[in-house]
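Heads up, the thing below is written out as C-alpha cells.
The values are calculated or read from the model by the stated rules, or taken from the named source; none is laboratory data. No experiment lies behind these values; they were computed from the predicted model shown. We place every Cβ from the backbone using ideal geometry, glycine too, and count neighbours over all the protein chains shown. In case anyone asks, the SASA skips ligands and DNA or RNA and just uses the protein heavy atoms, side chains included. Shrake-Rupley method; radii C 1.70, N 1.55, O 1.52, S 1.80 Å.
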Amino acid sequence: MSSTAQNVSEAAPAKSWFAVYSDLVKARLTTLVLLTTLVGFYVGYQGAMNYLLMFHALFGTALVASGAAALNQLLEREYDARMRRTAGRPLPSGRLQPVSVMLFGGVCSLLGTIYLALLVNPLTSVLGAISLVSYLFIYTPLKRLTWWNTAVGAIPGALPPLMGWAAARGELGPGGWALFAILAFWQLPHFFAIAWMYKDEYAKAGFKMLPSVDPDGSRTAQQAVSHTLGLLMVSLSPFVLHLAGKVYLVAAILLGGFYLWRAIQFGRKLDVPSAKKLFFASIIYLPLLLIALVANKL
C-alpha cells in the first residue's frame with residue numbers, strides 16, 4: 001500500500017454529513033473569519049447598532065468563506081491526500097466527489113458575493129470577491145512554487161475585518177486598515193509555527209513552505225520574530241486612532257509581549273515543542289485582543 005493510500009485509509013472513519021460538510025467549509029477557520037468580520041463591523045459602526053445589517057454582513061461573508069474553503073480543497077485534493085493531517089478531508093477520503101464540491105463551492109461563492117452586494121453594499125462584495133480570487137488563484141498555486149505564499153495568503157486572511165468595517169461604514173478608512181494590518185501580521189508567526197510542526201509532511205506533499213527550504217531554521221526564526229514585533233506595533237493603532245481606550249492599550253501591550261516572547265523562544269530552540277507553544281500563543285492572543293477591542297471601544 002502506498003503512503004498516500006495508507007494516509008487516506010487511516011484517516012477515513014465514518015462521519016455524519018454535518019461533520020463532512022463542516023470539514024469541507026473548514027468550520028474553525030470560517031468561524032474565525034466571521035469573528036473578525038463581526039469585530040470589524042462592531043468597531044466601525046457608528047450610532048445605534050443595526051443588527052439586521054450585521055446579520056446580512058455575516059451571512060454573506062459566511063457564504064463566501066465556505067465557498068472558498070470548498071474550492072480550495074477541490075484544487076488541492078491530490079496534495080491533501082499525501083499528508084496525514086489532511087488525508088481525512090472530504091475529497092481525499094472519498095466522502096464527497098469533485099463535481100458535488102465544485103457545485104457547492106461555486107454556488108456558495110457566487111451567492112455570497114451577490115448577497116453582500118444587494119443586502120450590504122457593493123464595496124463589501126468587492127472585498128469578498130478579492131479575498132476569494134486571491135485565495136484560490138494566487139495563494140493556492142503559490143504554495144507549490146514559493147515560500148512567499150504565506151505572505152500572500154495573509155492578504156485574503158486579513159480582509160474579513162476590513163469587510164466588516166466596510167459593511168458598517170460603506171467606505172474604507174484608517175480604522176479598517178488598522179484591523180487589516182493586525183490580522184495580516186498575526187497570521188505569519190501563526191502559520192510559520194504550523195509549517196515548522198509539519199514541515200516534513202508539507203515537503204512530501206510538494207508545498208514550498210519556508211521551513212522546507214530553510215534547513216537551519218534561521219530565516220523561519222527571523223520571520224516569526226520580526227512579524228510578531230511588527231504585530232505589537234500595529235496592534236497599538238486602534239488606540240492611536242481613538243477606536244479604543246487605555247484598557248485596550250494595556251491588553252495589546254501585554255498580549256503582544258507574550259506572543260513576541262513565544263516567538264523569540266521558538267527562534268532560539270527551533271523544535272516542535274516550541275513551535276506548538278508559539279501556535280497556542282497565537283490562538284490565545286487573537287480572541288483576547290479582539291475581546292479587549294470590543295469591550296473598550298470608544
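Summary table
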quantity	calculated
Out of S131, S125, S109, S100, sole residue that is part of a helix (DSSP H, G or I), of a type in the set (S, T, N, Q) and open to solvent by 40 Å² or more (accessible area, probe 1.4 Å)	S100
Failed criterion for L136 (all others in (1) under 14 Å from the mean Cα position of the chain (by Cα); (2) free of Cβ contacts under 8 Å to residues at least 60 places away in the same chain; (3) surrounded by fewer than 21 Cβ atoms within 10 Å (Cβ to Cβ) hold)	(2)
Subset of segment 77-97 [of a type in the set (S, T, Y), open to solvent by 20 Å² or more (accessible area, probe 1.4 Å) and in a loop (DSSP other than H, G, I, E, B)]	S93
Which numbered condition G245 fails, given (1) within 30 Å of A81 (Cα to Cα); (2) modelled with pLDDT of 95 or more; (3) over 18 Å from the mean Cα position of the chain (by Cα)	(1)
Odd one out for K143 among (1) of a type in the set (K, R); (2) within 25 Å of S66 (Cβ to Cβ); (3) open to solvent by 60 Å² or more (accessible area, probe 1.4 Å)	(3)
Matching helices (runs of 4 or more DSSP H) fully within segment 182-298 where at least 3 residues are aromatic (F, W, Y) and surrounded by 15 or more Cβ atoms within 10 Å (Cβ to Cβ)	246-269
Qualifying residue in segment 59-73 (condition: open to solvent by 40 Å² or more (accessible area, probe 1.4 Å), under 21 Å from the mean Cα position of the chain (by Cα) and under 19 Å from L123 (Cα atoms))	yes
Residue that is modelled with the lowest pLDDT [pool: residues in segment 9-22 that are under 25 Å from the mean Cα position of the chain (by Cα) and open to solvent by less than 50 Å² (accessible area, probe 1.4 Å)]	A11
Qualifying positions in segment 166-177 - open to solvent by 10 Å² or more (accessible area, probe 1.4 Å), part of a helix (DSSP H, G or I) and of a type outside the set (D, E, K, R)	A168, P174, W177
Flag for L162 being among the aliphatic types (A, V, I, L, M), out of contact with any Leu (no Cβ under 8 Å at 6 or more places or on another chain) and more than 20 Å from D23 (Cβ to Cβ)	no
Any hit, segment 27-35, residues being crowded, with 19+ Cβ neighbours inside 10 Å, of a type in the set (G, A, S), modelled with pLDDT of 95 or more and under 20 Å from the mean Cα position of the chain (by Cα)	no
